[in-house]
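The values are calculated or read from the model by the stated rules, or taken from the named source; none is laboratory data. Computed from a prediction, not measured in an experiment: that's the story for all the values here. Ideal geometry is used to build each Cβ from the backbone, glycine not excepted, and the neighbour counts take in all protein chains shown.
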Amino acid sequence: MKRVFNFNAGPSPMPIEVLEEMKNDLTDFRGTGMGITEISHRSPVFQDMLDETKAYLRQMMKLDDDYEIVFMQGGGTMQFLMTGCNFLHTRGAYADTGVWAHKARNTAAFFGETYDANTAKDRNYAYIPDTYDIRPDTNYLYICANNTIYGTEYKDFPKVDVPLICDMSSDILSREIDFNQFDMIWAGIQKNLGAAGAAFAVIRKGLLEKARTDIPEYLQYQTFVKNDSTYNTPPVFCIYTLNRMLHWIWNMGGLKAIEERNKVKAGLIYDTIDQSGGFYKGHADVKDRSMMNVTFNLATPELEKDFVEKAKKNDFIGVKGHRLVGGLRISLYNAVTPEAAKALADFMKEYKRTNG
Ligand code: PMP
(Lines give C-alpha, C1' and ligand atoms only; values in the text may rest on other atoms or scores of the structure.)
Protein backbone atom coordinates (compact mmCIF):
# COMPACT_ATOMS: atom_id res chain seq x y z
CA MET A 1 0.00 0.00 0.00
CA LYS A 2 1.34 3.41 -0.98
CA ARG A 3 0.57 6.40 1.24
CA VAL A 4 1.77 9.90 0.31
CA PHE A 5 2.59 12.86 2.57
CA ASN A 6 -0.79 14.63 2.55
CA PHE A 7 -0.78 18.34 3.46
CA ASN A 8 -4.20 19.18 2.01
CA ALA A 9 -6.19 21.99 3.64
CA GLY A 10 -9.24 19.78 4.12
CA PRO A 11 -10.41 17.14 3.71
CA SER A 12 -7.12 16.00 5.14
CA PRO A 13 -5.41 12.82 6.32
CA MET A 14 -6.66 10.51 9.03
CA PRO A 15 -4.35 8.35 11.15
CA ILE A 16 -3.55 5.03 9.51
CA GLU A 17 -4.56 3.13 12.65
CA VAL A 18 -8.00 4.79 12.55
CA LEU A 19 -8.41 3.96 8.86
CA GLU A 20 -7.50 0.33 9.52
CA GLU A 21 -10.09 0.15 12.29
CA MET A 22 -12.67 1.71 9.97
CA LYS A 23 -12.15 -1.10 7.45
CA ASN A 24 -13.46 -3.60 9.96
CA ASP A 25 -16.32 -1.37 11.10
CA LEU A 26 -17.50 -1.06 7.49
CA THR A 27 -18.50 -4.71 7.52
CA ASP A 28 -19.30 -5.39 11.19
CA PHE A 29 -19.86 -2.50 13.57
CA ARG A 30 -19.62 -3.51 17.22
CA GLY A 31 -20.74 -7.08 16.64
CA THR A 32 -24.06 -6.18 14.98
CA GLY A 33 -23.31 -8.08 11.76
CA MET A 34 -23.94 -4.76 9.96
CA GLY A 35 -21.47 -2.15 8.82
CA ILE A 36 -21.46 1.41 10.17
CA THR A 37 -23.16 2.70 6.98
CA GLU A 38 -25.87 0.05 7.37
CA ILE A 39 -27.06 0.51 10.96
CA SER A 40 -30.23 2.39 11.86
CA HIS A 41 -29.90 5.80 13.44
CA ARG A 42 -32.74 4.73 15.74
CA SER A 43 -30.83 1.72 17.05
CA PRO A 44 -29.29 1.49 20.55
CA VAL A 45 -25.86 0.87 19.01
CA PHE A 46 -26.04 4.23 17.21
CA GLN A 47 -27.37 6.00 20.31
CA ASP A 48 -24.51 4.59 22.38
CA MET A 49 -22.01 5.82 19.81
CA LEU A 50 -23.64 9.29 19.76
CA ASP A 51 -23.64 9.49 23.57
CA GLU A 52 -20.01 8.40 23.67
CA THR A 53 -19.06 11.07 21.08
CA LYS A 54 -20.70 13.79 23.15
CA ALA A 55 -19.00 12.49 26.30
CA TYR A 56 -15.60 12.61 24.61
CA LEU A 57 -16.23 16.20 23.51
CA ARG A 58 -17.44 17.26 26.96
CA GLN A 59 -14.47 15.66 28.65
CA MET A 60 -11.76 16.88 26.29
CA MET A 61 -13.15 20.39 26.01
CA LYS A 62 -13.78 20.43 29.80
CA LEU A 63 -17.21 21.92 29.12
CA ASP A 64 -19.48 23.32 31.81
CA ASP A 65 -22.84 21.52 32.17
CA ASP A 66 -24.33 24.60 30.63
CA TYR A 67 -23.65 23.56 27.01
CA GLU A 68 -25.68 21.55 24.50
CA ILE A 69 -23.90 19.60 21.76
CA VAL A 70 -25.50 19.03 18.35
CA PHE A 71 -24.42 17.41 15.08
CA MET A 72 -25.55 18.64 11.68
CA GLN A 73 -25.17 18.06 7.97
CA GLY A 74 -24.20 20.83 5.57
CA GLY A 75 -20.61 21.44 6.65
CA GLY A 76 -19.26 24.82 7.59
CA THR A 77 -21.23 26.84 5.09
CA MET A 78 -24.51 25.68 6.63
CA GLN A 79 -23.28 27.08 9.95
CA PHE A 80 -22.78 30.51 8.37
CA LEU A 81 -26.50 30.39 7.67
CA MET A 82 -27.63 28.83 10.94
CA THR A 83 -25.63 31.15 13.23
CA GLY A 84 -27.14 34.15 11.45
CA CYS A 85 -30.73 32.99 11.29
CA ASN A 86 -30.80 31.76 14.89
CA PHE A 87 -29.07 34.62 16.68
CA LEU A 88 -29.29 37.74 14.53
CA HIS A 89 -32.19 39.88 15.79
CA THR A 90 -30.91 43.40 15.24
CA ARG A 91 -27.23 43.38 14.34
CA GLY A 92 -24.28 41.01 14.32
CA ALA A 93 -20.59 41.94 14.60
CA TYR A 94 -17.95 40.04 12.62
CA ALA A 95 -14.16 40.15 13.07
CA ASP A 96 -12.93 40.42 9.50
CA THR A 97 -9.95 38.07 9.52
CA GLY A 98 -10.52 36.83 5.99
CA VAL A 99 -12.69 34.80 3.67
CA TRP A 100 -14.49 32.48 6.09
CA ALA A 101 -15.51 35.19 8.55
CA HIS A 102 -16.54 37.36 5.63
CA LYS A 103 -18.66 34.62 4.06
CA ALA A 104 -20.37 34.09 7.41
CA ARG A 105 -21.12 37.82 7.57
CA ASN A 106 -22.50 37.95 4.03
CA THR A 107 -24.72 34.95 4.64
CA ALA A 108 -26.08 36.34 7.91
CA ALA A 109 -26.81 39.71 6.26
CA PHE A 110 -29.94 38.08 4.86
CA PHE A 111 -31.44 38.10 8.38
CA GLY A 112 -30.42 41.52 9.71
CA GLU A 113 -27.67 44.10 9.85
CA THR A 114 -24.10 42.85 9.92
CA TYR A 115 -20.87 44.82 10.26
CA ASP A 116 -17.13 44.35 10.65
CA ALA A 117 -15.99 44.91 14.25
CA ASN A 118 -12.46 45.21 12.84
CA THR A 119 -10.57 44.20 9.71
CA ALA A 120 -7.14 42.94 8.70
CA LYS A 121 -7.79 43.59 5.02
CA ASP A 122 -5.11 46.31 4.80
CA ARG A 123 -2.33 43.66 4.87
CA ASN A 124 -4.11 40.81 3.13
CA TYR A 125 -5.17 39.28 6.43
CA ALA A 126 -1.63 38.61 7.66
CA TYR A 127 -2.60 39.35 11.26
CA ILE A 128 -5.36 39.14 13.86
CA PRO A 129 -6.62 42.60 14.88
CA ASP A 130 -6.95 43.02 18.63
CA THR A 131 -9.50 45.81 18.96
CA TYR A 132 -13.24 45.47 18.54
CA ASP A 133 -15.80 48.11 17.68
CA ILE A 134 -19.07 46.76 19.06
CA ARG A 135 -22.14 48.87 18.28
CA PRO A 136 -25.26 49.18 20.48
CA ASP A 137 -27.85 46.37 20.18
CA THR A 138 -25.33 43.92 18.81
CA ASN A 139 -26.50 40.32 19.30
CA TYR A 140 -23.10 38.63 19.08
CA LEU A 141 -19.49 38.88 17.99
CA TYR A 142 -18.54 36.21 15.47
CA ILE A 143 -14.90 35.21 14.97
CA CYS A 144 -12.98 32.56 13.02
CA ALA A 145 -10.33 31.02 15.32
CA ASN A 146 -7.98 29.84 12.60
CA ASN A 147 -7.89 31.41 9.16
CA THR A 148 -7.20 28.46 6.91
CA ILE A 149 -6.33 30.49 3.83
CA TYR A 150 -3.99 33.07 5.39
CA GLY A 151 -2.43 30.97 8.15
CA THR A 152 -3.37 33.18 11.11
CA GLU A 153 -4.75 31.95 14.42
CA TYR A 154 -6.00 33.62 17.59
CA LYS A 155 -3.73 32.99 20.57
CA ASP A 156 -6.05 34.88 22.94
CA PHE A 157 -9.71 35.43 22.31
CA PRO A 158 -11.67 38.68 22.56
CA LYS A 159 -13.31 39.63 25.81
CA VAL A 160 -16.49 41.45 24.91
CA ASP A 161 -19.86 42.15 26.51
CA VAL A 162 -21.88 40.36 23.82
CA PRO A 163 -22.12 36.59 23.19
CA LEU A 164 -19.03 35.22 21.46
CA ILE A 165 -19.54 32.76 18.55
CA CYS A 166 -16.49 31.03 17.12
CA ASP A 167 -15.84 29.02 13.96
CA MET A 168 -13.15 26.49 14.94
CA SER A 169 -13.31 24.41 11.77
CA SER A 170 -9.60 24.45 11.08
CA ASP A 171 -8.13 24.24 14.58
CA ILE A 172 -10.71 22.40 16.65
CA LEU A 173 -9.09 20.20 19.32
CA SER A 174 -5.57 20.97 18.12
CA ARG A 175 -4.58 22.69 21.37
CA GLU A 176 -5.63 23.27 24.95
CA ILE A 177 -7.73 26.39 25.37
CA ASP A 178 -10.52 27.46 27.68
CA PHE A 179 -13.55 26.42 25.66
CA ASN A 180 -15.91 27.82 28.29
CA GLN A 181 -15.08 31.39 27.26
CA PHE A 182 -17.35 31.00 24.22
CA ASP A 183 -21.13 31.11 24.02
CA MET A 184 -21.00 28.98 20.93
CA ILE A 185 -18.31 27.03 19.10
CA TRP A 186 -18.96 25.26 15.86
CA ALA A 187 -16.65 23.25 13.61
CA GLY A 188 -16.80 21.29 10.38
CA ILE A 189 -15.13 17.99 11.19
CA GLN A 190 -13.28 17.32 7.93
CA LYS A 191 -9.93 18.82 8.88
CA ASN A 192 -8.99 17.77 12.38
CA LEU A 193 -11.69 15.32 13.32
CA GLY A 194 -13.04 13.10 10.58
CA ALA A 195 -14.78 12.77 7.23
CA ALA A 196 -16.38 15.65 5.31
CA GLY A 197 -20.15 16.04 5.60
CA ALA A 198 -20.89 17.15 9.15
CA ALA A 199 -20.37 19.91 11.64
CA PHE A 200 -20.99 19.99 15.35
CA ALA A 201 -21.84 22.88 17.62
CA VAL A 202 -21.43 23.47 21.33
CA ILE A 203 -23.95 26.09 22.45
CA ARG A 204 -24.64 27.68 25.82
CA LYS A 205 -28.19 27.18 27.00
CA GLY A 206 -28.48 30.92 27.71
CA LEU A 207 -27.75 31.70 24.07
CA LEU A 208 -30.13 28.99 22.84
CA GLU A 209 -32.93 30.58 24.84
CA LYS A 210 -32.43 33.76 22.82
CA ALA A 211 -32.61 31.96 19.45
CA ARG A 212 -35.19 33.03 16.92
CA THR A 213 -38.22 30.80 16.45
CA ASP A 214 -39.63 32.59 13.38
CA ILE A 215 -37.44 30.50 11.08
CA PRO A 216 -37.97 27.06 9.51
CA GLU A 217 -37.86 24.27 12.08
CA TYR A 218 -34.92 22.50 10.46
CA LEU A 219 -32.75 25.61 10.70
CA GLN A 220 -33.34 26.02 14.44
CA TYR A 221 -30.56 24.74 16.71
CA GLN A 222 -33.31 23.98 19.24
CA THR A 223 -34.71 21.36 16.85
CA PHE A 224 -31.39 19.53 16.98
CA VAL A 225 -31.18 19.89 20.76
CA LYS A 226 -34.73 18.68 21.38
CA ASN A 227 -34.25 15.66 19.11
CA ASP A 228 -30.69 14.83 20.18
CA SER A 229 -29.48 15.48 16.61
CA THR A 230 -31.84 12.84 15.17
CA TYR A 231 -34.79 14.99 14.02
CA ASN A 232 -34.02 13.48 10.63
CA THR A 233 -31.37 10.96 9.56
CA PRO A 234 -28.09 12.30 10.88
CA PRO A 235 -24.74 11.88 9.07
CA VAL A 236 -24.11 8.55 10.78
CA PHE A 237 -20.81 7.76 9.09
CA CYS A 238 -19.38 11.25 9.73
CA ILE A 239 -20.33 11.11 13.40
CA TYR A 240 -18.68 7.70 13.56
CA THR A 241 -15.42 9.08 12.09
CA LEU A 242 -15.57 11.91 14.65
CA ASN A 243 -16.04 9.31 17.39
CA ARG A 244 -12.97 7.36 16.21
CA MET A 245 -10.84 10.51 15.93
CA LEU A 246 -11.82 11.58 19.45
CA HIS A 247 -10.94 8.10 20.70
CA TRP A 248 -7.58 8.40 18.91
CA ILE A 249 -6.85 11.84 20.45
CA TRP A 250 -7.80 10.48 23.87
CA ASN A 251 -5.40 7.56 23.46
CA MET A 252 -2.66 9.91 22.27
CA GLY A 253 -2.87 11.60 25.67
CA GLY A 254 -5.61 14.17 25.02
CA LEU A 255 -5.31 17.81 24.03
CA LYS A 256 -2.11 18.50 25.92
CA ALA A 257 -0.26 15.76 24.05
CA ILE A 258 -1.84 16.70 20.71
CA GLU A 259 -0.82 20.33 21.23
CA GLU A 260 2.79 19.34 21.95
CA ARG A 261 2.85 17.20 18.82
CA ASN A 262 1.30 19.98 16.70
CA LYS A 263 3.84 22.49 18.07
CA VAL A 264 6.71 20.24 17.03
CA LYS A 265 5.28 19.88 13.50
CA ALA A 266 4.67 23.61 13.00
CA GLY A 267 8.09 24.41 14.54
CA LEU A 268 9.83 22.24 11.95
CA ILE A 269 8.31 24.17 9.04
CA TYR A 270 8.45 27.67 10.58
CA ASP A 271 12.09 27.18 11.61
CA THR A 272 12.92 26.20 8.04
CA ILE A 273 11.25 29.38 6.77
CA ASP A 274 12.91 31.59 9.39
CA GLN A 275 16.36 30.11 8.79
CA SER A 276 16.16 30.31 4.99
CA GLY A 277 17.66 33.81 4.80
CA GLY A 278 14.55 35.12 3.04
CA PHE A 279 14.31 32.32 0.45
CA TYR A 280 10.98 31.36 2.03
CA LYS A 281 8.89 34.35 3.17
CA GLY A 282 6.15 33.68 5.73
CA HIS A 283 2.80 35.41 5.06
CA ALA A 284 1.46 35.74 8.61
CA ASP A 285 2.90 37.98 11.32
CA VAL A 286 5.00 35.82 13.66
CA LYS A 287 2.81 36.53 16.70
CA ASP A 288 -0.36 35.38 14.91
CA ARG A 289 1.03 32.36 13.07
CA SER A 290 -1.23 29.35 12.79
CA MET A 291 -0.11 25.97 14.09
CA MET A 292 -2.39 24.34 11.51
CA ASN A 293 -1.79 26.16 8.20
CA VAL A 294 1.68 27.45 7.39
CA THR A 295 1.59 29.96 4.52
CA PHE A 296 4.64 31.30 2.68
CA ASN A 297 5.90 32.59 -0.63
CA LEU A 298 9.00 32.17 -2.76
CA ALA A 299 10.61 34.92 -4.83
CA THR A 300 8.50 34.40 -7.99
CA PRO A 301 5.31 32.56 -9.03
CA GLU A 302 7.48 30.47 -11.40
CA LEU A 303 9.64 29.26 -8.53
CA GLU A 304 6.52 28.49 -6.49
CA LYS A 305 5.10 26.45 -9.37
CA ASP A 306 8.37 24.56 -9.66
CA PHE A 307 8.39 23.91 -5.91
CA VAL A 308 4.88 22.43 -6.07
CA GLU A 309 5.83 20.18 -9.00
CA LYS A 310 9.03 18.91 -7.41
CA ALA A 311 7.23 18.41 -4.09
CA LYS A 312 4.63 16.28 -5.87
CA LYS A 313 7.34 14.13 -7.46
CA ASN A 314 8.56 13.48 -3.93
CA ASP A 315 5.05 12.52 -2.72
CA PHE A 316 4.33 15.80 -0.90
CA ILE A 317 0.71 16.49 -1.86
CA GLY A 318 -1.50 19.54 -1.26
CA VAL A 319 1.21 22.17 -0.73
CA LYS A 320 -0.06 24.79 -3.19
CA GLY A 321 -1.34 27.94 -1.50
CA HIS A 322 -4.86 29.32 -1.87
CA ARG A 323 -5.12 31.68 -4.85
CA LEU A 324 -5.85 34.67 -2.57
CA VAL A 325 -2.41 34.42 -0.96
CA GLY A 326 -0.56 32.49 -3.65
CA GLY A 327 2.64 30.66 -2.77
CA LEU A 328 2.53 27.61 -0.59
CA ARG A 329 0.35 26.39 2.23
CA ILE A 330 1.23 23.43 4.42
CA SER A 331 -1.67 22.13 6.47
CA LEU A 332 -0.60 20.28 9.58
CA TYR A 333 -3.87 19.01 11.02
CA ASN A 334 -3.98 16.56 13.93
CA ALA A 335 -3.41 13.40 11.89
CA VAL A 336 -0.33 14.71 10.03
CA THR A 337 2.64 12.96 11.62
CA PRO A 338 5.80 14.69 12.91
CA GLU A 339 7.68 12.41 10.48
CA ALA A 340 5.76 13.92 7.55
CA ALA A 341 6.57 17.46 8.75
CA LYS A 342 10.24 16.50 9.18
CA ALA A 343 10.38 15.00 5.68
CA LEU A 344 8.90 18.18 4.20
CA ALA A 345 11.23 20.44 6.19
CA ASP A 346 14.18 18.41 4.85
CA PHE A 347 12.79 18.71 1.31
CA MET A 348 12.45 22.51 1.75
CA LYS A 349 16.07 22.77 2.89
CA GLU A 350 17.28 20.71 -0.04
CA TYR A 351 15.12 22.73 -2.46
CA LYS A 352 16.64 25.94 -1.15
CA ARG A 353 20.18 24.50 -1.46
CA THR A 354 19.63 23.66 -5.13
CA ASN A 355 17.54 26.73 -6.10
CA GLY A 356 18.67 29.44 -3.67
N1 PMP B 1 -14.62 27.82 8.11
C2 PMP B 1 -13.32 27.55 7.93
C3 PMP B 1 -12.33 28.08 8.94
C4 PMP B 1 -12.90 26.80 6.83
O5 PMP B 1 -11.59 26.55 6.66
C6 PMP B 1 -13.85 26.31 5.91
C7 PMP B 1 -13.48 25.46 4.73
N8 PMP B 1 -12.19 25.35 4.40
C9 PMP B 1 -15.20 26.63 6.11
C10 PMP B 1 -15.55 27.37 7.24
C11 PMP B 1 -16.27 26.17 5.15
O12 PMP B 1 -16.52 24.82 5.37
P13 PMP B 1 -17.34 23.90 4.34
O14 PMP B 1 -16.49 23.74 3.13
O15 PMP B 1 -17.53 22.63 5.12
O16 PMP B 1 -18.62 24.57 4.05
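Answer yes or no as to whether Glu38 is surrounded by fewer than 18 Cβ atoms within 10 Å (Cβ to Cβ) and either assigned to a loop (DSSP other than H, G, I, E, B) or in contact with a His (Cβ under 6 Å, 6 or more places away or on another chain) (or both).
Yes.
Report, by residue number, each residue of segment 190-219 that is more than 16 Å from the ligand (Cβ to nearest atom) and part of a strand (DSSP E or B).
Within segment 190-219, Ile203, Arg204 meet the criteria.
What are the residues in segment 143-160 that are within 8 Å of the ligand (Cβ to nearest atom), of a type in the set (Val, Ile, Thr) and within 16 Å of Ser174 (Cα to Cα), if any? Give the steps one after another, and end with the answer.
Of all residues in segment 143-160, those within 8 Å of the ligand (Cβ to nearest atom) come to 144-149.
Right, trim to of a type in the set (Val, Ile, Thr) and you get 148-149.
Hit for segment 143-160 is Thr148, nothing else.
What do you reckon, is Lys54 of a type in the set (Lys, Arg), more than 16 Å from the ligand (Cβ to nearest atom), in the same structural domain as Gly194 (by TED's automatic domain parsing) and closer than 24 Å to Phe179 by Cβ?
The answer is yes for Lys54.
Starting from residues that are in contact with a strand residue (DSSP E or B) (Cβ under 7 Å, 6 or more places away or on another chain) and part of a loop (DSSP other than H, G, I, E, B), keep the ones in segment 296-331 and report whichever is surrounded by the most Cβ atoms within 10 Å (Cβ to Cβ).
Val319
Within segment 147-180, track down each residue that is under 12 Å from Ala95 (Cα atoms) and crowded, with 23+ Cβ neighbours inside 10 Å.
Those that are under 12 Å from Ala95 (Cα atoms) and crowded, with 23+ Cβ neighbours inside 10 Å: Asn147, Ile165, Cys166, Asp167.
Suppose we filter Thr107, Thr119, Thr114 for residues that are out of contact with any Phe, Trp or Tyr (no Cβ under 8 Å at 6 or more places or on another chain) and among the hydroxyl-bearing types (Ser, Thr, Tyr); which single one remains? Walk me through it before giving the result.
Numbers: Thr107 fails: out of contact with any Phe, Trp or Tyr (no Cβ under 8 Å at 6 or more places or on another chain); Thr114 fails: out of contact with any Phe, Trp or Tyr (no Cβ under 8 Å at 6 or more places or on another chain).
Matching residue, one of Thr107, Thr119, Thr114: Thr119.
Which count do you get for residues in segment 69-125 that are of a type in the set (Ser, Thr, Tyr) and more than 16 Å from the ligand (Cβ to nearest atom)?
Summing the residues that are of a type in the set (Ser, Thr, Tyr) and more than 16 Å from the ligand (Cβ to nearest atom) in segment 69-125 gives 4.
Could you list, in sequence order, all residues of segment 255-292 that are of a type in the set (Gly, Ala, Ser), surrounded by fewer than 17 Cβ atoms within 10 Å (Cβ to Cβ) and either in a helix (DSSP H, G or I) or not assigned by TED's automatic domain parsing to the domain that holds Asn334 (or both)?
Matches in segment 255-292: Ala257, Gly267.
Taking Asp183 and the conditions (1) touching a Lys or Arg at 6+ places or on another chain (Cβ under 6 Å); (2) not assigned by TED's automatic domain parsing to the domain that holds Phe46, which numbered condition does it fall short on, given that it satisfies the others?
Status for Asp183: all satisfied but (2).
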